[in-house]
Each structure stands twice: as C-alpha cells, then as structure tokens.
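The values are calculated or read from the model by the stated rules, or taken from the named source; none is laboratory data. Every value quoted in this text rests on a predicted model; they were computed, and no experiment measured them. Note that we place each Cβ from the backbone using ideal geometry, even for glycine, and neighbour counts take in every protein chain shown. The area values use the complete protein model at the heavy-atom level, side chains included, leaving out ligands, DNA and RNA. Shrake-Rupley method; radii C 1.70, N 1.55, O 1.52, S 1.80 Å.
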Amino acid sequence: MFERFTQDARSTVTGAVAEAERTGAQRVGEEHLLLALLALGTLDPLGVDRAAISADLAAARRRGGMSKADEEALAGLGIDLTEIVSRIEETHGEGALSDPAPRSRFGRTRFTPGAKKVLEQSLRIALGRKDRHISTLHLLLSLLSRPGTPAEVLNDHGVTYAGVEAALAN
C-alpha cells in the first residue's frame, strides 16, 4: 500500500511517528496523523489555525482521548469529566490519562488500530475516486470520515469532508 503514497503522504506518516515520540505517546494515533498534516501545511489552504487545532488535540489527549460528545454524554449522567481529569492529574501528574501502551518489543513505534484504519481508508478513498496515488488530502478525508477526536476538532474549525473533497477536485 505504501508504494501508492505520494512523498508528502509518506512524510505525514513519518511525521506522525515523530509527533507521537515528541508528545511521549507510546503509539501513533489518529491525532498524530492530524498533527503531521498540520505541520506539512496540508490544511493551510483551508484557512485553519494550526495553534488552535493543536491546542484542542492536546486538551483531548489530557481527557484520555474522550471527545466533546463523550464529555457531554457523561455530563448528562451527572459526571463532570473536567473534575475527574483534574483529580487524576492532582494524584498522578499532568497527562496521566495519555496512552500508556508499551512500545513494540522490536523498538518500533506501533500504530493504534484507529490510525491503521485511517491509512486503510485513505487507500479506499483514493481507489473510489480512481486516483492512482494516495495524497495528504486522501489522508485528511480519511480522518474526517471516521468518528473521533480528530474529525470533531476539524469540524469545530470549519474543516468538513465536503470542503476537503471540493479541494481535491481542484
């Protein structure tokens, strides 16, 4: 599959690994792919604020990856997620809810199942559009097509599947 990736798409994958290592994550997740896309400037033509998206992803990471929808569902049950996170961090330190999964025994950073699905979905999107290569825009469409924090953050900043698809058409 990786032979179909453009150079920028390959840089996104390697950038995601570097981003995971920089943030102390033990596995490469969907949010790391999004951060790598931001770093490459893939979303710049869409007018996004890189710092705001990075901050929203960091806030989600502190919440253990729970989305705003998860937070609202818990609030409906009378559970204040912000209070829980604060108490956990008081006891165990900031970022205590971040991914604690161990590294591969071969010393390589592993990808989460969600990140693997993003890569697989990007291939399906490219094939469905009859594109010969997988680009960063296919990766972005894949992130937007899956439920979770990256899609939620992007949507909060006005980046939608339809908007990115229109950019692909150009």
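Could you pull out the residue among 18, 96 that is modelled with pLDDT of 75 or more and small (Gly, Ala, Ser)?
Unique residue meeting the criteria: 18.
Within segment 99-129, can you find the residues that are among the aromatic types (Phe, Trp, Tyr) and either open to solvent by less than 40 Å² (accessible area, probe 1.4 Å) or modelled with pLDDT of 95 or more (or both)?
Matches in segment 99-129: none.
What tally of residues in segment 16-43 results from selecting those that are in contact (Cβ under 8 Å) with a residue 12 or more places away in the chain, in a helix (DSSP H, G or I) and open to solvent by 20 Å² or more (accessible area, probe 1.4 Å)?
Keep residues of segment 16-43 that are in contact (Cβ under 8 Å) with a residue 12 or more places away in the chain, which gives 16-21, 23-40, 42-43.
Of the ones still in play, those that are also in a helix (DSSP H, G or I) are 16-21, 23, 30-40.
If we keep only those that are open to solvent by 20 Å² or more (accessible area, probe 1.4 Å) as well, we get 17-19, 21, 23, 30-31, 39-40.
The qualifying residues number 9.
Given the conditions (1) among the small types (Gly, Ala, Ser); (2) in contact with a helix residue (DSSP H, G or I) (Cβ under 9 Å, 6 or more places away or on another chain); (3) at pLDDT 90 or above, which single one is not true for residue 55?
Going through (1) among the small types (Gly, Ala, Ser); (2) in contact with a helix residue (DSSP H, G or I) (Cβ under 9 Å, 6 or more places away or on another chain); (3) at pLDDT 90 or above one by one, residue 55 breaks only (2).
Here's the yes/no breakdown for (1) polar (S, T, N, Q); (2) more than 29 Å from residue 131 (Cβ to Cβ):
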residue	(1), (2)
7	yes, no
11	yes, no
45	no, no
53	no, no
75	no, yes
84	no, yes
87	no, yes
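Search segment 1-14 for residues that are within 14 Å of residue 41 (Cβ to Cβ) and pair each with any residue that is open to solvent by 90 Å² or more (accessible area, probe 1.4 Å) and assigned to a helix (DSSP H, G or I) when their beta-carbon atoms are under 8 Å apart and the residues are at least 6 apart or on different chains.
So the pair list comes out empty.
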